[in-house]
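Encoded as structure tokens, the structure appears first; notes follow it.
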Ligand code: ATP
């Protein structure tokens, strides 16, 4: 059985943007192989910054890691760029459903495959695999991505990440701006990818109640610090979330 620290181990990381006050102040977390971990917290708590730190995407935002360490399968990721990390199995799906609006759904998916320099046959297999997970995308394969619904765009963004054949997907607020029924559909697919293909997920989310139903463990961030961590099922029932963070879902369940 793989140990936690043999997969993803984030230890006491500090991060900031330019001269601004630190966005992360000693965040530690682990993702065990084969698990779904939720990263919760309200707006500005540091969720996106944590994901960017893991995938080495702070630089393009003029941010930097100022302390602590991140190890992937026991090795420091400090010298790896985002493309190296993708090659090693870590891929991030950015917040806000980034798709190439002028390209078709299928062309968007293909862009995710190129990094591995696949043969035409492999690319076709990978596309089939993504369409099997997201049948809606097969129906919409020739549509311009910019003209598809918000839910379909999120599926394209996730599908493009899956084209890299990742072992760990960092997913930033997949539910943002989507109707609950679509969010449920997306989370069901995430659960199946986890159970049937062993893909691990670190899911940043503001709305706690839904994601806790799918996660194994959860961490709660507040002002750049981890203020709560534990089994998702325990956190969901403890009532602690409502006390420590007033994210939409946590407050909504109080009424
Ligand atoms: P959100 O749901 O709004 O994305 P979050 O929990 O992901 O919230 P972060 O985006 O990580 O939080 O923000 C943490 C802190 O860093 C906030 O104070 C935010 O203003 C700041 N911050 C985030 N991105 C940048 C950036 N690109 N440049 C400067 N400051 C930033």
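Computed from the coordinates by the stated procedures, all read-outs in this text should not be read as laboratory data. The structure presented is a predicted model; accordingly, all values stated were derived computationally and were not measured. Here the Cβ positions follow ideal geometry from the backbone for every residue, glycine too, while neighbour counts run over all protein chains shown.
Quick look at the values:
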read-out	value
Calculated [θ] (222 nm, deg cm²/dmol) that DSSP helices of n ≥ 4 give over the chain, each run adding -39,500 (n - 2.57)	-10500 deg cm²/dmol
Residues 195, 141 arranged by fewest to most Cβ contacts within 10 Å	195, 141
Mean Cα-pair separation over length for the chain, i.e. relative contact order, pairs under 8 Å, 6 or more apart, %	26 percent
FRET efficiency, 1/(1 + (r/R0)^6) with R0 45 Å, evaluated for residue 124 and residue 6 via beta carbons	0.85
Between 0 and 90°, nearest 10: helix 180-197 axis offset from the chain longest Cα axis	80 degrees
Cα point-scatterer Debye curve for segment 121-172, base-10 log of I(q)/I(0) at q = 0.15, 0.20, 0.21, 0.28 Å⁻¹	-0.40, -0.70, -0.76, -1.18
Added length on full extension, which subtracts the Cα-Cα distance from 0.36 nm per residue, residue 229 to residue 139	28.4 nm
Crossing angle, helix 120-133 versus the chain [Cα axis fit, 0-90 degrees, rounded to tens]	60 degrees
Whole-Å distance, taken between Cα centres, linking segment 59-121 and segment 184-223	19 Å
Three-way shape call for segment 82-186 based on the alpha-carbon gyration tensor, with the a/c threshold at 1.5	oblate
Over the chain: Kirkwood hydrodynamic radius from C-alpha pairwise inverse distances, Å	18.5 Å
Mean Cα-pair separation over length for segment 8-136, i.e. relative contact order, pairs under 8 Å, 6 or more apart, %	23 percent
Segment residue 149-residue 76, length gained on full extension (0.36 nm per residue, minus Cα span)	22.4 nm
